[in-house]
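Right, one structure below, let's go through it.
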Amino acid sequence: MADGPASSSSPAANAARERLRAAMVRLADGDSAALEEIYDATRVKLFGICFRILGDRKEAEDALQDVYVNLWQRADRYDPDRASPISWLATFARNRAIDRLRTGKVRGGAVPVEEANPLPDSAPLADSLLVDAENAAQIHTCLAGLDENTRGHIRGAFFEGYTYAQLAEAADVPLGTMKSWIRRGLQKLRVCLEASEAS
Amino acid sequence: MSDPKNNTGPEPTRDDPMIAAEYALGLLEGEELLQARGKVSSDADFAWRKEWWDNWFAPLTDDMAGMEPGGDVWTRIAQEVHGGQNSGTATGGTATGGTAIGGTAIGGAEIIDLRVKQAEGRMRRWQWTAGITSAAAALMLAVLVFAPGSEPVAAPGTQAPQLAAADPLVAQVPIGDTGLRLDVTYIPESEKMLVGAIGLTADGVHDHELWLVPADGSDLQSLGVVVPGEVRSVELPDNIASNLGNGVSLVLTREPIGGKPDGEDAGPVVAEGAFSQV
């Protein structure tokens with residue numbers, strides 16, 4: 001599992017994570033009050049994710065609504081033994097936003113890639129719920145081992161929701177070339193991440 | 001374009017862990033996306049690997065700036081959650097800051113009542129498919145396509161057209177600036193269309209009717225009256241289904257209760273959207 005052997009985070013962050021985990025468990029048991037607690041603790045982070053992917057406030061708010069309603073309907077999908085709750089929620093929100101991007105007419109393909117407005121990566125988080133610090137360090141280390149272009153394309157996919165086709169267009173290379181670059185990068189990334197798990 | 005120095009060599013094998021990474025990153029679209037979704041449902045190893053990548057990528061979200069959503073988002077969530085339960089939601093479900101749950105109509109949302117409408121003169125029974133969103137429908141389709149025990153999988157060479165034919169068409173029809181929208185999904189194999197109007201409420205005065213705008217410029221075809229707050233499934237007659245396709249437009253008009261009266265012009269267009277192939 002991706003959880004490191006010893007999650008070395010601050011006590012405050014651990015406490016926040018445990019509260020969230022408990023609320024997720026209560027939600028799965030049908031306690032609708034838990035949803036509000038989860039919303040209060042995570043809306044800033046999850047809205048930031050939706051907005052970053054969708055690039056439109058209205059769409060991002062729709063996506064956010066969709067995320068929490070879905071969470072309520074299918075809270076049992078979260079397995080508290082397998083993933084950190086904020087990590088799981090962040091992934092869930094990003095996946096829903098990407099789904100929306102792929103099926104809707106939001107920004108995907110409508111706005112040329114070069115016009116997309118980059119947002120600062122380091123604006124302060126309003127909540128203290130960060131994903132496990134150890135995992136964070138490791139993925140950054142492994143990404144840093146890739147060449148700069150490949151790293152940039154992988155980040156473009158993750159942060160802006162770009163597809164292979166959009167990345168190829170932005171870089172002005174054939175689609176097959178872009179796929180080769182990214183796949184080589186992903187292969188290296190996997191080797192690096194698996195090595196970190198084994199050690 | 002110069003190849004990055006550090007990024008040459010043999011083409012890596014696109015094995016399942018690689019596909020899972022592509023899926024987790026969100027690089028896939030179209031048929032490949034549908035296949036990956038289906039594989040998550042039917043292949044535990046693949047699902048595990050997808051989750052493995054998700055867990056590793058998740059910390060990157062810490063680099064996305066947090067943002068405060070509008071205050072009405074929670075109201076909408078609470079409304080949807082508690083609207084799905086029957087009366088007697090006083091089981092501890094409280095609202096923040098004194099916002100009402102469930103009671104009030106959504107601002108700006110248009111009305112419609114629970115009526116069945118004729119589609120081009122033919123009375124058509126809309127079937128309830130409670131709780132199914134269009135996205136879920138697309139997932140269900142993927143599961144059906146890939147579920148063990150379904151149609152035997154054809155040889156790789158002949159697989160593509162089969163899947164392409166099954167690709168659902170999806171349209172979102174935003175309702176003005178209310179933040180609400182219709183979700184329309186058409187599943188070619190089943191000839192069924194799902195119309196989701198979750199979050200919409202009826203005003204008791206108007207109905208809203210959904211129309212297909214055929215690409216060949218022929219007359220609009222009614223897809224029926226929208227039922228607010230519900231997801232409904234309707235079977236399409238061939239003369240309508242044959243006009244569906246990628247990029248085909250939909251419009252929503254405001255009508256008297258019951259839909260556009262025979263012999264009269266349709267009401268004003270209040271929203272529009274277009275199908276795209278998932």
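Annotations
- Across the stretch A:72-85, not a single residue is classified as closer than 19 Å to B:Leu182 by Cβ and open to solvent by less than 50 Å² (accessible area, probe 1.4 Å).
- Qualifying positions in the stretch B:249-270 - within 13 Å of chain A (Cβ to nearest Cβ) and of a type outside the set (S, T, N, Q): B:Leu250
- Count - residues of the stretch A:42-66 that are open to solvent by less than 10 Å² (accessible area, probe 1.4 Å) and more than 9 Å from every other protein chain (Cβ to nearest Cβ): 3
- Yes/no for B:Leu34 being crowded, with 16+ Cβ neighbours inside 10 Å, aliphatic (A, V, I, L, M) and either farther than 23 Å from A:Thr150 by Cα or at pLDDT 95 or above (or both): yes
- The residue that is farthest from the chain's Cα centre (by Cα), among those in the stretch B:247-257 that are open to solvent by less than 20 Å² (accessible area, probe 1.4 Å) and of a type outside the set (D, E, K, R), is B:Thr253.
- Here A:Glu37 clears all of (1) modelled with pLDDT under 90; (2) over 24 Å from B:Asp63 (Cβ atoms); (3) open to solvent by 40 Å² or more (accessible area, probe 1.4 Å) except the condition numbered (1).
- Reported count of residues in the stretch A:158-199, each being open to solvent by 30 Å² or more (accessible area, probe 1.4 Å), among the aliphatic types (A, V, I, L, M) and touching a residue at least 40 places away in the same chain (Cβ under 8 Å), is 1.
- Among the strands (runs of 3 or more DSSP E) confined to the stretch B:183-226, the ones with at least 1 residues that are among the charged types (D, E, K, R) and farther than 14 Å from B:Ala271 by Cα are located at B:192-196.
- Residues (open to solvent by less than 60 Å² (accessible area, probe 1.4 Å), in contact (Cβ under 8 Å) with a residue 24 or more places away in the chain and within 29 Å of A:His140 (Cβ to Cβ)) located in the stretch B:40-74: B:Phe46, B:Arg49, B:Lys50, B:Trp52, B:Trp53, B:Asp54, B:Phe57
- Checking each residue in the stretch B:8-59 for being outside any helix (DSSP H, G or I) and within 23 Å of the chain's Cα centre (by Cα) picks out B:Gly26, B:Leu27, B:Leu28, B:Glu29.
- Looking across B:Asp177, B:Asp203, B:Asp167, one residue alone is surrounded by 13 or more Cβ atoms within 10 Å (Cβ to Cβ), modelled with pLDDT under 75 and either hydroxyl-bearing (Ser, Thr, Tyr) or out of contact with any strand residue (DSSP E or B) (no Cβ under 6 Å at 6 or more places or on another chain) (or both). It is B:Asp203.
- Looking across the stretch B:12-31, just one residue is more than 9 Å from chain A (Cβ to nearest Cβ), farther than 13 Å from A:Tyr164 by Cβ and surrounded by 17 or more Cβ atoms within 10 Å (Cβ to Cβ), and that is B:Ala20.
- Scanning the stretch B:234-246 for residues that are surrounded by 18 or more Cβ atoms within 10 Å (Cβ to Cβ) and touching a helix residue (DSSP H, G or I) at 6+ places or on another chain (Cβ under 9 Å) yields a single hit, B:Leu244.
- Flag if A:Glu115 is more than 8 Å from chain B (Cβ to nearest Cβ), farther than 15 Å from B:Thr61 by Cβ and either at pLDDT below 55 or in contact with a Lys or Arg (Cβ under 6 Å, 6 or more places away or on another chain) (or both): yes
- Taking the stretch A:170-187 as the range and being closer than 17 Å to B:Trp53 by Cβ and either of a type in the set (S, T, N, Q) or touching a Leu at 6+ places or on another chain (Cβ under 6 Å) (or both) as the test, the residues that pass are A:Gly185, A:Gln187.
The values are calculated or read from the model by the stated rules, or taken from the named source; none is laboratory data. What you see is a predicted model; the values in this text were computed from it and never measured. FYI the Cβ positions are ideal-geometry reconstructions off the backbone, even for glycines, and counts take in every protein chain you see. Calculation scope for accessible area: heavy atoms of the full protein, side chains included, ligands and nucleic acids excluded. Shrake-Rupley method; radii C 1.70, N 1.55, O 1.52, S 1.80 Å.
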